[in-house]
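Since the structure comes first, as structure tokens, the remarks are kept for the end.
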Amino acid sequence: MQRLQNKVAVVAGGATGIGAACATRFALEGASVVIGDINFPVAKSLAETLGDRVVAVQYDAADADSIRQLIEAAIENFGALHVLHNNVGLVSPEVMEKDTTVVDIELELWNRVLQVNLTSFLLGSKYAIPHMIRAGGGSIINTSSDSGLVGDLSRTAYGASKAAIISLTQHIAVQYGLQGVRCNAITPGVIMSEQAKVNSQDLVRAIKDHILTPDFGEPKDVGALAAFLASDESTYITGQAIACDGGHLAHQPQVADMRRAMQSGV
């Protein structure tokens, strides 16, 4: 399919995992793509595999000027901007280990997580929206998480940032919808990226019984949803948080226990 022909897309945090899958799908569907990532060599390598309508940009989500330059790169290279996928996030093991409870979390870590996970989404949208309006409209896609929909025993800053992304998504949709700018969030559950396969095995084992599909999702599953939201096929969809989680949050909490009881004949 070529649903994104003649569209220009920016993927912030697009070198690996979900971001790379989305950048790849956008390019395969005909878009010109700017891949922004702090890991520039990996972003550049990916861009080179996707053709001459894809470029990589060094991008630091903690730096406002870097975010502005990423958005401007779309105009400088391709003359317009129609799609922004805000996908960056702090998910390294060292950050997650320190992202503990409300009482124990360090303020410095809290501020750092919100700066990257949330404020960068605000700034990317702030700089992108005027260009989208000039282009006749556009689509902003924000990667949130099912962690933004429920509480947890830890990862307080991560969960709070992902919840705030959903609210930011709604505010953008309300404020700029009549000017042709749509905004939706994707709330992935466990997605088996290379990082998840290495760093999240305990979490994977804990959640496996609670999804409703035979297997966990992969980055390409989020890429397929993002391509739909970027395309004109979704022009009547805005302000939504759309799950890509294998039904993880679609059921009563006791479903896994009930399933085991039924299987054992208890």
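No lab work stands behind these numbers, since they all come straight from the coordinates. Nothing here was measured: the structure is a model prediction, and the numbers come from that model. Methodologically, a virtual Cβ is constructed for each residue, glycine included, from the backbone with ideal geometry; neighbour enumeration extends over all protein chains shown.
Quick one: His85, His171, fewest Cβ neighbours within 10 Å first, how do they rank? Don't skip to the end; give the middle numbers.
Details: His85 31, His171 14.
Final ranking by Cβ density, sparse to dense: His171, His85.
Assuming a ≥ b ≥ c are the square roots of the Cα gyration tensor eigenvalues, decide whether the range 31-78 counts as rounded (a/c under 1.5), prolate (otherwise, with a/b larger than b/c) or oblate.
On the way: a/c = 3.30, a/b = 1.33, b/c = 2.49.
It comes out oblate by the Cα gyration axes.
Determine the sum of side-chain charges near Tyr59: Lys and Arg each +1, Asp and Glu each -1, restricted to other residues whose C-beta is under 13 angstrom from that of Tyr59. Could the numbers behind the result be given before it?
Working: positive: Lys44, Arg68; negative: Asp37, Asp60, Asp63, Asp65, Glu72.
Value of the local net charge: -3.
Using only C-alpha atoms and all pairs of different ones, pull out the Kirkwood radius for the range 157-252 in Å with one decimal.
Numbers: mean 1/r = 0.0676 Å⁻¹.
Evaluated over the range 157-252, this radius sits at 14.8 Å.
What does the charge dipole of the chain about its Cα centre add up to, to the nearest 20 debye, if the Cβ of each Lys and Arg holds +1 and the Cβ of each Asp and Glu holds -1? Walk me through the numbers on the way to the answer.
Values: 19 positive and 27 negative charges, 124 e Å.
Taking the Cα centre of the chain as origin, the dipole is about 600 debye.
Taking the number of other C-beta atoms within 10 Å as the exposure measure, put His251, His210 in order starting with the fewest. Before the final figure, lay out each step's value.
Numbers: His251 14, His210 19.
In increasing order of surrounding Cβ atoms, one gets His251, His210.
Output the Cα-based Rg and Dmax of the range 1-132 in Å, rounding Rg to one decimal and Dmax to a whole number.
Final numbers for Rg and Dmax: 15.4, 50 Å.
Cα atoms only: what Rg and Dmax, in Å, come out for the range 95-206?
Both quantities, over Cα of the range 95-206: 15.9, 47 Å.
Amide H to amide H under 5 Å from Val33: which residues, 5+ apart in sequence or cross-chain, H placed 1.01 Å off N in plane?
Those qualifying (amide H under 5 Å, at least 5 residues apart or on another chain) are Ala9, Val54, Val55.
Averaging sequence separations of C-alpha pairs under 8 Å and six or more residues apart, then dividing by the length of the range 8-264, give the relative contact order as a whole percent.
Numbers: 488 pairs, mean separation 48.7, N = 257.
For the range 8-264, the relative contact order is 19 percent.
Could you tally the net charge around Gly223, taking each other residue with its Cβ under 11 Å from the Cβ of Gly223, Lys/Arg +1 and Asp/Glu -1? Let's see the in-between values first.
Details: positive: Arg25, Lys220; negative: Glu29, Glu218, Asp221.
Around Gly223, the charge tally is -1.
Among Asp209, Asp37, Asp245, which one moves the most in a GNM of the chain with springs linking Cα atoms closer than 10 Å?
Asp209
Taking K and R as +1 and D and E as -1, what net charge do the other residues with C-beta under 10 Å from the C-beta of Cys244 add up to? Before the final figure, lay out the partial values.
Working: positive: none; negative: Asp146, Asp221, Asp245.
My count for the surroundings of Cys244 gives -3.
In which sequence would Val34, Val103 go, from the one with the fewest C-beta neighbours within 10 Å to the one with the most? Spell out each step's value before the answer.
Details: Val34 30, Val103 6.
The fewest-first ordering by Cβ neighbours comes to Val103, Val34.
Using a ≥ b ≥ c from the Cα gyration tensor of the range 100-161 (square roots of the eigenvalues), is it rounded, prolate or oblate, where a/c under 1.5 gives rounded and otherwise the larger of a/b and b/c decides, a/b for prolate? List each step's numbers first, then the result.
Numbers: a/c = 6.24, a/b = 2.27, b/c = 2.75.
The shape class here is oblate.
Taking N as the number of residues in the chain, what value does Rg over Cα atoms divided by 2.2 N^0.38 Å take?
On the way: Rg = 18.5 Å, N = 266, 2.2 N^0.38 = 18.4 Å.
Normalised Rg, Cα atoms only: 1.01.
Shape verdict for the range 155-195, please, from the Cα gyration tensor: rounded (a/c under 1.5), prolate (a/b greater than b/c) or oblate.
Details: a/c = 4.48, a/b = 1.87, b/c = 2.40.
It is oblate, given that a/c is not under 1.5 and a/b is not larger than b/c.
Comparing Asn111, Asn86, Asn142, which has the greatest mean-square fluctuation in the GNM of the chain with Cα pairs linked when under 10 Å apart?
The residue with the greatest mean-square fluctuation here is Asn111.
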